[in-house]
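Below: the structure, in structure tokens.
The values are calculated or read from the model by the stated rules, or taken from the named source; none is laboratory data. None of these values were measured; they are calculated from a predicted model. Cβ atoms come from the backbone with ideal geometry, glycine included; neighbour counts cover every protein chain shown.
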Amino acid sequence: MERFKEIRKLLKENEFFIITAHETPDGDAIGSECAMSLALGSMHKTSLIINADQMAHKYNFLDPDNRIKTLGAVDIPDDIAKYTLLILDTNDIENIGEVAQEILPLVKQYFIIDHHESDDEKINKNLITSNASSTCEILYDLFSSMEIPLTLSLATALFVGIVYDTGSFIYPKTTAKTFKIAFELVSKGVNPNEIYSRIYESNSISALRLQSKVLSSLTLFYDQQVAVQEMSKEDLEECQAMYEESDTIINIPLKSEAIKVSVFFKENEEGLLRCSMRSKGNIDVAVIAQHYGGGGHKTAAGFKSAYPLEKMKRKVLEKLRIYFQ
Ligand SMILES: [Mn+2]
């Protein structure tokens, strides 16, 4: 396939790769990193996986050999100038965190594989398919076109990314093709019930406490159509929870029919404030995220806040006003 020409060439002509993904790596980020590393292994290439942030424990099963490393806890190779950096599941360089400062300037070249909205220049130079359900869906097509053997571990990694990013095959970018790929992966032996349990039934008790804490901060706006939740770094400490464990809390308010937008302001352990947004129907939260230097999809987007919480909350609510007049 034509759209894979550049990346196929890059993977064939280079020997050394560092694979990374966005900060607070989610199921699609981890799944696509593991899948890429397995595919490169089958091509007898050397690859390292290095992320800015630690991954949630529930994904450990995808990485039995502890190949996924966190920046700061890994030695950067002396011959890093030989390496090609593969950036997965984000096309925003700022989203790869410290990897942008500590690795990107040192490598030979970089290439992005992603499914978030982007601009034409990036799309032409990289592999960015914004109608794909997940980065793992793109990787499935890429690897099929390269005739990379679909082993059970590779199929499992791809399945995790697809299940996570489609909310178990229900989010807007879920298509017949997504199911077709899932059919192929399950045919290779992937067990959907086991994967569900790994992703959605493996949280810690501290994650449950954190969820209860954050839900109690819930406030509704615009005739109870916009839900806002908050999490401070003190909440994390009090619940002894990891920042990564807060990632699905934003979806809870959307289970109410009346709620059209869910906004979640969350601080990480260092006190850095991030705003995540989810919406239903025609409300485009990516526009708001882009306005504040972030990005995402129409119904799922976020950005790092340049302002303190109360000020940022007022600004976001003001941007949402047009949908609720
Ligand atoms: Mn993704």
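Taking Tyr243 as the residue in question, decide whether it is under 27 Å from Arg321 (Cβ atoms) and touching a residue at least 40 places away in the same chain (Cβ under 8 Å).
In short, no.
Checking the structure you have, find out if any residue of region 288-303 is within 17 Å of Val228 (Cα to Cα) and basic (Lys, Arg).
No, region 288-303 contains no residue that is within 17 Å of Val228 (Cα to Cα) and basic (Lys, Arg).
Does Ala289 satisfy the criteria of being crowded, with 16+ Cβ neighbours inside 10 Å, of a type in the set (Gly, Ala, Ser) and either in the same structural domain as Thr166 (by TED's automatic domain parsing) or touching a residue at least 12 places away in the same chain (Cβ under 8 Å) (or both)?
Criteria met by Ala289.
Please go through (1) on the phi > 0 side of the Ramachandran plot; (2) under 23 Å from the mean Cα position of the chain (by Cα) for Gln229 and return the number of the only condition it doesn't satisfy.
Unmet for Gln229, out of (1) on the phi > 0 side of the Ramachandran plot; (2) under 23 Å from the mean Cα position of the chain (by Cα): (1).
If you go through region 1-48 one residue at a time, how many are outside any strand (DSSP E or B), in contact (Cβ under 8 Å) with a residue 60 or more places away in the chain and more than 16 Å from the ligand (Cβ to nearest atom)?
Result for region 1-48: 14.
Filter region 77-111 for residues that are within 16 Å of the ligand (Cβ to nearest atom) and on the phi < 0 side of the Ramachandran plot and give the result.
Leu86, Ile87, Leu88, Thr90, Asn91, Asp92, Asn95, Ile96
Mind listing whichever residues of region 200-212 are touching a helix residue (DSSP H, G or I) at 6+ places or on another chain (Cβ under 7 Å) and under 15 Å from Asn251 (Cα atoms)?
Residues satisfying the conditions are Ala207, Leu210, Gln211.
How many residues does region 188-204 contain that are within 24 Å of Phe265 (Cβ to Cβ) and at pLDDT 95 or above?
The qualifying residues number 0.
In this structure, does Leu210 turn out to be buried (at least 21 other Cβ atoms within 10 Å of the Cβ) and more than 25 Å from Ser276 (Cα to Cα)?
So Leu210 fails the test.
Please verify whether region 71-91 includes one or more residues that are out of contact with any Cys (no Cβ under 9 Å at 6 or more places or on another chain), in a helix (DSSP H, G or I), without any contact (Cβ under 8 Å) to a residue 12 or more places away in the chain and surrounded by 14 or more Cβ atoms within 10 Å (Cβ to Cβ).
For region 71-91, residues out of contact with any Cys (no Cβ under 9 Å at 6 or more places or on another chain), in a helix (DSSP H, G or I), without any contact (Cβ under 8 Å) to a residue 12 or more places away in the chain and surrounded by 14 or more Cβ atoms within 10 Å (Cβ to Cβ): absent.
How about region 249-325: which strands (runs of 3 or more DSSP E) wholly inside it have at least 3 residues that are in contact with a Gly (Cβ under 9 Å, 6 or more places away or on another chain) and under 23 Å from Cys239 (Cα atoms)?
So the answer is 273-279.
Mind telling me which of the residues Thr178, Thr174 ends up being modelled with pLDDT of 95 or more, farther than 22 Å from Gly294 by Cβ and assigned to a loop (DSSP other than H, G, I, E, B)?
From the options Thr178, Thr174, the qualifying one is Thr174.
Asn95 passes all but one of (1) at pLDDT below 95; (2) more than 16 Å from the chain's Cα centre (by Cα); which number fails?
(2)
In region 269-281, which residue that is touching a helix residue (DSSP H, G or I) at 6+ places or on another chain (Cβ under 8 Å) and farther than 8 Å from Thr299 by Cα is surrounded by the fewest Cβ atoms within 10 Å (Cβ to Cβ)?
At the first step, the residues of region 269-281 found to be touching a helix residue (DSSP H, G or I) at 6+ places or on another chain (Cβ under 8 Å) are 269-271, 273, 275-280.
Narrowing further to those that are farther than 8 Å from Thr299 by Cα: 269-271, 273, 275-276.
On the way: Glu269: 11, Glu270: 7, Gly271: 9, Leu273: 20, Cys275: 25, Ser276: 22.
Result: Glu270.
To keep it simple, each residue is scored yes or no on (1) farther than 23 Å from Val190 by Cβ; (2) in the same structural domain as Leu272 (by TED's automatic domain parsing); (3) polar (S, T, N, Q).
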{"site": "Asp75", "(1), (2), (3)": "yes, no, no"}
{"site": "Ile80", "(1), (2), (3)": "yes, no, no"}
{"site": "Thr90", "(1), (2), (3)": "yes, no, yes"}
{"site": "Leu104", "(1), (2), (3)": "yes, no, no"}
{"site": "Ile113", "(1), (2), (3)": "no, no, no"}
{"site": "His116", "(1), (2), (3)": "yes, no, no"}
{"site": "Asn126", "(1), (2), (3)": "yes, no, yes"}
{"site": "Leu152", "(1), (2), (3)": "no, no, no"}
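Identify all residues within region 99-120 that are among the charged types (D, E, K, R), in a loop (DSSP other than H, G, I, E, B) and in contact with an Asp or Glu (Cβ under 9 Å, 6 or more places away or on another chain); write none if there are none.
Residues satisfying the conditions do not exist here.
From the list Asp65, Asp53, which residue is over 18 Å from Cys136 (Cα atoms) and more than 16 Å from the ligand (Cβ to nearest atom)?
Asp65
Starting from residues that are in a helix (DSSP H, G or I) and within 12 Å of the ligand (Cβ to nearest atom), keep the ones in region 121-155 and report whichever is surrounded by the fewest Cβ atoms within 10 Å (Cβ to Cβ). Spell out how you get there, then give the answer.
Here is the first cut: in region 121-155, the ones in a helix (DSSP H, G or I) are 121-125, 135-145, 152-155.
From what is left, the residues that are within 12 Å of the ligand (Cβ to nearest atom) are 135-139.
Working: Thr135: 32, Cys136: 33, Glu137: 27, Ile138: 24, Leu139: 29.
Top of the filtered list is Ile138.
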